[in-house]
Structures are given as structure tokens and as C-alpha cells.
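Novice: The following block contains the structure, expressed as C-alpha cells.
Here, each number is a calculation from the coordinates, and none is a lab measurement. Just so we're clear, the structure is a prediction, and the values are computed from it rather than from any experiment. Positions of Cβ are generated from backbone atoms using ideal geometry, with glycine treated the same way; all protein chains shown enter the neighbour counts.
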Amino acid sequence: MATLRCPNCGRVIPANPRIRNQTHCDLEACQKERKRLWQRRKMATDPDYKANQQECSKAWREQNPGYWKEYRESHPEAVERNRLRQRERNMARRKIAKMDTSSPVSEVMPGTYYLVPENLPVIANMDTSIRKITLVLMPYEALPSHARVIAKEDSIASPTSRF
Ligand SMILES: [Zn+2]
């Protein structure tokens, strides 16, 4: 018999063959969560539904003036919980915004570099003893196989090529 794991309570339950696309078990809390998720997705994807819901909410608030003010005054713990949740959402959003600014993953930037022997005594000697190389940042796996061998040999043979 087919089973499914309820994402809300984590229980593995036999699937009900009469329910198509069943996701949650039949516990009241899990059904509430399923409906909440459905509505959230509907609000995000269906502009007509969203406008209609907002219209209903507005009408309800107008018929029940002061309800939320009273609720907040009599449920300070809910107000505090919401405040903390909102702060977490704000922080998460700021973190994502920060990541979007194209800060380099590595501190070594791609570009043209000089390969300088470690024991080079004077910088003035550079002209004769150095090679110019171009650094391309690329994961080792992305290198063509012949380059991999070179990369390996280089790292063993020339301890001077440090960046
Ligand atoms: Zn459940």
C-alpha cells in the first residue's frame, strides 16, 4: 500500500486513495497547515484571488472596527512574536541583498600577475627573472585533463608560485 510522509507532523501514513495529490495527513493541525500553504501560494500566483481576498479583509475590518487593536492589547505575546518574526524576515532580506552585491568569492582576482621567485632579492631584477602569467579562477574539475596534470606538477615542482 502506498504511504506518504506528512510534511507537517512527519508521520508516515497510508495514502488515502480517494484523495488525489494528497500531501498532508488528516490531523486537524496538518489540514490547517495545508490550507494555509495553499492560500499563501494562491495569493502569490493569482492576482484576482489576491485582490478579492484583500477586498474581503477590508470589508471585514470596516465592519469590525478596533478588532485588531483590541486583539493586540489583549495578546502582547502575539505582538512580540510577530515583531521577532518580522525582524528575522528583515534580517534575511538584508543578508540576501548583501550577497547580491558582486563581491568576489576569492580575494585573488582574475587578471595578469607576475610569477616571482620567492628568493628574488631586489624588485629591480624583475625584468630578467620573472614571467607574466594570466590567472583565471576556475575549479580544478573544470580544467581540461592535460591542464590538470600541469597544475598538479606545477604545485609540486615550483613552491615559488604563491599568490
Ligand atoms: Zn500530519
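Novice: In the range 1-85, which trypsin sites (Lys or Arg not before Pro) fall in coil by DSSP and have 10 or fewer other Cβ atoms within 10 Å?
Specialist: For trypsin sites (Lys or Arg not before Pro) across the range 1-85 that sit outside H, G, I, E and B with at most 10 neighbouring Cβ atoms in 10 Å, the list reads 18, 20.
Novice: Separate question: Distance cut-off 32 Å, Cα to Cα: go down the list 58/98; 35/69; 35/58 and report the pairs above it. The partial results should precede the final answer.
Specialist: Values: 58/98 36 Å; 35/69 26 Å; 35/58 21 Å.
Result: 58/98 exceed 32 Å.
Novice: Using every Cα-Cα pair within the range 18-67, state what percent have a distance larger than 15 Å. Before the final figure, lay out each step's value.
Specialist: Details: 755 of 1225 pairs.
Roughly 62 percent, once rounded to a whole number.
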